[in-house]
Amino acid sequence: MNHEAPRRHDAIEGLLPAYVNHTLDERTTKAVTAHCASCDACRSSLAEWEAVAGAAHALSREAPSPSPWVMARVWATIDRPEGPPPSRQTRRLWQVLRGQMQLVQSRLWLSSALIMFIGFVVAARGLLGGPSVVLQVLAPIVAAAGVSLVYGLEVDPGLELALATPTSPRIILLARLTLVFGYDLILTVVTTLGLAALGLDGGFWSLSLDWLGPMLLLSSLALVVSLRFGPTPALAAALLIWTLRVFVALGDRQSLVTGQEATVVIHVWSTNVVTVLLAAILAMVALRSVGHVEPTT
């Protein structure tokens, strides 16, 4: 039995649309013409394709041509630089932020506000070393804890669905960081303003310098660890570093960290060029890595 004939017939039939549109090379065109001359089925199919082509041409002739104004708008759209206009970009960013606000765990908002309120009361009463120490110890760990729990399937089962959207993982992470870190930053600023209004520890700017650098550094470190190893190790690492600072804050009588070690901890846990620069480097590392690593399960 000759199996070549059915295969050749199927191959020729698949070429008929191109044959009707005159897009085949000369050799293939001759082969299709010769086959159709001896094949009733292909001649029938060819007639159907020719009818379709004729109807399409007739419709195209009857359809009105677009006006020059419409064509100018079309070409202007094609030639426009890539990317949506600024207004659309702003609207899209707002939509992403609003969508991520619903996905971030609600307990983060309440727990951060509650802890900072307790810190305000403690600092206002002059306990645990006063406002400067309370803010320096409390604000960084609140922000770092929130950042640790902001990204990853371990704490957000809905993240997989979010990553399946056209929005890039980096944009999703930035949106969540803006919401969570920005919220904690606002809480800390409000707390600092309240303590400064009471005339405690040198005013608003002096109090802000106590917590700003440590808050940036610990949050950036927690973010890097979270993206690489998951939220739980990130939270553990932040708590470990925070514990060292607490030991230093307790004073010489109870502190397990003294001497040179305490000096290093105090210098790192302050607002200075080295701390802010290191925080910026860690943040850039985190943002660059989020597009290349899978969320930890």
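Odds and ends about this structure:
- Taking other C-beta atoms within 10 Å as the exposure proxy, F181, F247 rank F247, F181 from fewest upward.
- Sorted on the mean count of surrounding Cβ atoms within 10 Å across their residues, most packed first, peptides 172-178, 214-220, 240-246 read 214-220, 172-178, 240-246.
- Highest average first, the peptides 184-193, 32-41, 279-288, 222-231 ordered by how many other beta carbon atoms sit within 10 Å of their residues are 222-231, 184-193, 279-288, 32-41.
- Ranked list, fewest to most other Cβ atoms within 10 Å of each Cβ, for E48, E13: E48, E13
- Rounded to whole numbers, the Karplus 3J(HN,Hα) couplings from phi for segment 210-218 are 5, 10, 5, x, x, 5, 5, 5, 5 Hz, using 6.51 cos²θ - 1.76 cosθ + 1.60 with θ = phi - 60°, and x at Gly and Pro.
- Taking 7 Å steps out from each Cα toward its Cβ at E48 and D25 produces label points 2.9 nm apart.
FYI, it's all coordinate maths here, none of it is from the lab. The structure displayed is predicted, hence computed values, not measured ones. All Cβ positions, glycine included, derive from the backbone under ideal geometry; neighbour counts span all protein chains shown.
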